[in-house]
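Okay, structure first, notes after.
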Amino acid sequence: MPNFKKSVRFLSQASIALYLFFSALAGQAQTITFEKLPDNSDPVDNLQLPLNTVFQIGLTGLSFGYDIDGDKIADQGVVMEQRGNNDVVGGTLVCSAYTNAYGNNMANLRTEEDNTVSGEGGQWLIREKRKCANDVDPSGNIINQEIKYSMRDDKPPAEGTVFNVDFVVTYSGVLPVSMAGQIWDLDNGEAFDVTAYSEAGNQIGSTQTLGPYCSDPNGTTNSGLACKGTNRDGLPTTFNFADLDTPVKRLIISFNSSDSSHGFAFDNFAATSAVVDLTNELNPNDDDSDGVADGQDNCQLVSNPDQSDADQDDVGNVCDLVCPTTPQGSAGIDTDPFSPTYGCAAGEINRVTVFSPAWVLALVGLLGFLGLWRSRTPTA
């Protein structure tokens with residue numbers, strides 16, 4: 001009988017752990033807008049993020065980089081870009097993600113414009129690693145970036161430039177089956193391919209092609225692709241994968257086409273959801289986005305901005321699994337271990353009724369099955 005009680009106790013604790021686990025997964029729908037870095041600090045223009053920079057959404061980690069040798073593994077880090085920072089040096093445009101149509105008149109130059117009505121692009125995005133004397137490392141040291149890593153695959157080799165580079169999102173922890181993100185300013189025949197890969201390196205689902213978008217929405221690109229619409233100057237184009245049949249280890253974005261020069265600007269990434277939800281922005285210091293910092297939040301993975309805690313046990317009502325409104329030591333607590341109100345005051349139902357008759361019968365059956373299975377398993 002003591003062993004049975006221990007088993008029941010263990011399984012009840014496991015049930016609570018599973019509940020918390022799935023609660024955490026349910027909260028993984030935040031969008032990375034790059035307005036904050038993983039340590040909750042503000043980005044810096046032209047900041048080269050190391051490959052080991054990990055953004056965390058619940059139980060899922062992810063990093064961003066560029067694959068320069070075609071093995072689907074990131075070799076170079078990405079660069080943070082501040083919208084509207086022209087970075088003109090000696091009359092030459094450098095260190096930008098994309099530009100508006102300025103007719104080669106530098107006086108009219110504007111970079112990384114956000115032409116959405118709501119301004120959903122914010123201040124920050126990710127760009128290619130270009131030749132840029134203004135890049136900086138996380139410590140603020142200047143980096144004279146002398147090699148350009150370009151995603152284009154239709155150009156001949158050139159000194160100081162590495163072509164055919166792919167953008168890579170690498171997942172760790174709990175791998176997702178859904179994701180969505182935005183590539184900005186697709187114009188002049190620009191198109192990019194987005195493909196998901198499993199941990200085994202196999203492609204999952206179909207490749208999604210964003211673009212091409214052209215001056216003539218009914219025309220074709222120089223490479224013969226039919227245009228999908230008019231130029232999307234300063235606007236996002238969204239890809240999304242929903243409920244894939246295999247978890248995703250890597251998401252790879254590769255160049256498809258362009259009729260002129262190109263830029264790459266990546267922003268607003270819903271790493272674990274098929275919807276880019278800008279009302280649920282990732283805050284590295286607030287896992288459940290309820291406005292209460294993690295260190296003070298009595299329910300860190302489930303949103304509860306009011307922090308209600310009726311039984312004053314420092315666990316918020318929304319994630320308090322055992323008698324959330326019954327303070328410890330209250331009068332009239334049910335002491336019957338076979339009752340669904342066990343440990344609670346009269347009238348309150350225990351959320352995890354592990355001692356109810358139904359649970360007990362189920363647990364007895366499970367333990368009996370495990371015991372029978374173990375008894376028939378040959379020993380080494």
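Below are the figures for this structure:
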| quantity | calculated |
| --- | --- |
| 25 Å Cα-Cα threshold exceeded, pairs from 155/249; 228/249; 36/155; 129/249; 36/228 | 155/249; 228/249; 36/155; 36/228 |
| Full-extension gain in nm, residue 230 to residue 246, via 0.36 nm per residue minus C-alpha separation | 2.3 nm |
| Surrounding net charge for residue 204, when Lys and Arg each add one and Asp and Glu each subtract one, Cβ distance under 12 Å | -1 |
| Cleavage-rule hits (GluC sites (Glu not before Pro)) in region 103-179: DSSP loop, at most 13 neighbouring Cβ within 10 angstrom | 146, 159 |
| Within-13-Å neighbourhood charge of residue 273 [Cβ basis; K, R +1; D, E -1] | -3 |
| Where a label projected 7 Å from the Cα of residue 120 along Cα→Cβ would reach, residues of region 173-206 with amide N under 16 Å | 179-186 |
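Readers should treat all values here as calculations from the given coordinates under stated rules, not as data from a laboratory. Because the structure is predicted, anything quoted here is derived from the model rather than measured. Please note: Cβ atoms are built from the backbone with ideal geometry, for glycine as well, and neighbour counts cover all protein chains shown.
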